[in-house]
Amino acid sequence: MKPKSPLTDTIIRPLTTVDVVISTVLDARLQVLLVKRPDDAYEPFPNEWALPGGFVNVEKDQDLLIPAPAKLQHSAGAAWFPIAAQQVSVTLAFDHTQLLATALQRLRNKVETPRCLHFTTRRIYPE
């Protein structure tokens with residue numbers, strides 16, 4: 001059993017987290033930014049890869065968009081991982097595999113929708 005973290009009592013309830021999916025194309029491959037979790041006995045998923053993110057201060061942050069840049073600035077051990085077959089080559093912490101899959105589906109929808117609209121409107125309004 002893991003020891004209780006000394007931070008447990010300092011985190012303000014409710015426990016809300018923000019996780020960020022940042023993707024880019026490097027070397028002609030879609031890649032996602034991941035961060036290495038701390039190797040600490042108090043941390044869940046120690047030394048594993050995760051999406052950048054963390055706890056939100058519900059008393060200080062006005063909405064979920066405010067803490068995201070701060071979480072990115074404090075993320076250590078960040079690296080780009082290529083995406084193949086809708087996943088990365090490492091096991092992700094927490095529910096980040098599902099979060100990444102959802103983000104990739106949304107990205108695919110955004111990329112494919114304009115193409116569909118282009119072909120549809122071209123039939124209606126030929127050049």
**Study point:** Where labels lie 7 Å past Cα in the beta-carbon direction, separation of residue 29 and residue 63 in nm
**Key:** 3.6
Review point. How much length is gained on full extension from residue 98 to residue 16, taking 0.36 nm per residue of separation minus their Cα-Cα distance?
Key: 27.8 nm
Point to revise | Computed over region 8-124: relative contact order in percent, which uses C-alpha pairs under 8 Å that are six or more apart | key: 26
Point to revise | Local electrostatic count, residue 88, Cβ distance below 14 Å [Lys/Arg +1, Asp/Glu -1] | key: +1
Exercise for review: Taking every pair of Cα atoms in region 8-124, average 1/r, invert it to obtain the Kirkwood radius, and report Rg/Rh to two decimals.
Suggested key: 1.07
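Quick note: the coordinates plus some simple rules give every number you see, no bench work behind them. What you are looking at is a predicted structure, and each value in this text was computed from that prediction instead of being measured. Note that we place each Cβ from the backbone using ideal geometry, even for glycine, and neighbour counts take in every protein chain shown.
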